[in-house]
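Just so it is clear, none of the values below were taken in a lab; they were calculated from the coordinates. Small disclaimer: the values here were computed from a predicted structure and weren't measured. Neighbour counts run over all protein chains shown; Cβ positions are idealised from the backbone, glycine included.
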Amino acid sequence: MSPVSRIFSCKRCGACCHGHTTVSLNEDDRQRMVRALKMPEEELGKKFWRTTGTTVQMKTVDGHCIFYTDGCTVHEGRPWRCAQWPLHPSILTDEKNLETIAASCPGINKSISYLQFCDILQEILKKH
Ligand code: SF4
Ligand code: SF4
């Protein structure tokens, strides 16, 4: 069993891809998406991004990210914050952060103690 699967296993519920806003994309995220979709940045931006001042997010459609259709359709090119979710480093600093994340993500393993969870997460984050 991999360290990740000891604390998290995605149930593909789609909850993290729903909402009327999405994570914001930094320059690396934008370039990764350009490469993954093999589309010029300008075209991709017009089609899939919502720009507000200096903030670039993905557009939403019917209350979910434009890339969500029964799963992430831009998996290789998804923003780093999407790839990191739900194993956020803030879990290590406060048990309440784990509780908040676990309340919105059914993939979190709730059957192990907070300390055990943190030990494994720390190991995973060290490698990234
Ligand atoms: S909320 Fe958690 S279990 Fe549901 S799709 Fe997102 S990562 Fe997977
Ligand atoms: S890019 Fe993929 S993982 Fe991120 S919110 Fe959109 S559909 Fe979900």
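General observations
- Amide H partners (placed H, <5 Å) of Val56, local residues excluded: Leu25
- Charge tally in the Cβ shell below 10 Å around Ile112, where Lys, Arg are +1 and Asp, Glu are -1, Ile112 excluded: +1
- Model label points for Arg12 and Ile124, set 7 angstrom from Cα along the Cα-to-Cβ axis, are 1.9 nm apart.
- The Cα atoms of the chain define a convex hull whose projected area, averaged across directions, is 8.7 nm².
- Annotation for the range 6-48: trypsin sites (Lys or Arg not before Pro) lying in DSSP loop with at most 16 further Cβ atoms inside 10 Å of their Cβ are Lys11, Arg12, Lys38.
- Counting only lysines at least 8 places from Lys46 when in the same chain, those with an alpha carbon closer than 22 Å to its own are Lys38, Lys59.
- Of all aspartates and glutamates in the structure, the ones whose alpha carbon falls short of 12 Å from that of Lys11, not counting any fewer than 8 places away in one chain, are Asp70.
- Couplings 3J(HN,Hα) of the range 114-119, computed from phi: 4, 5, 4, 4, 5, 4 Hz, in residue order, whole Hz [Karplus 6.51 cos²θ - 1.76 cosθ + 1.60, θ = phi - 60°; x for Gly and Pro].
- Taking a sphere under 15 Å around the Cβ of His20 and counting the other residues whose Cβ falls inside, with K and R at +1 and D and E at -1, yields a net charge of +1.
- Helix-only [θ]222 nm of the chain, DSSP H runs n ≥ 4, -39500 (n - 2.57) each, per residue, nearest 500: -11500 deg cm²/dmol
- J(HN,Hα) series, the range 4-10, from Karplus relation 6.51 cos²θ - 1.76 cosθ + 1.60, nearest Hz, glycine and proline x: 4, 5, 6, 10, 7, 9, 5
- Between Cys72 and any residue 5 or more places off or on another chain, the built amide H atoms are never under 5 Å apart.
- Fewest neighbouring Cβ atoms within 10 Å first, the residues Asp28, Asp119 line up as Asp28, Asp119.
- Using θ = phi - 60° and Karplus 6.51 cos²θ - 1.76 cosθ + 1.60, couplings along the range 66-72 (whole Hz; Gly, Pro as x): 4, 8, 8, 9, 6, x, 7
- Database remark: amide H of Gly107 closer than 5 angstrom to the amide H of Lys11 (H placed geometrically; neighbours at sequence offset of 5 or more, or on other chains; Pro and chain starts carry no H).
- Neighbour cut-off at most 15 other Cβ (10 Å), DSSP loop, trypsin sites (Lys or Arg not before Pro), the range 66-128: Lys110, Lys127
- When Leu25, Leu125, Leu115 are sorted by how many other C-beta atoms sit within 10 angstrom of their C-beta, beginning with the fewest, the order is Leu115, Leu125, Leu25.
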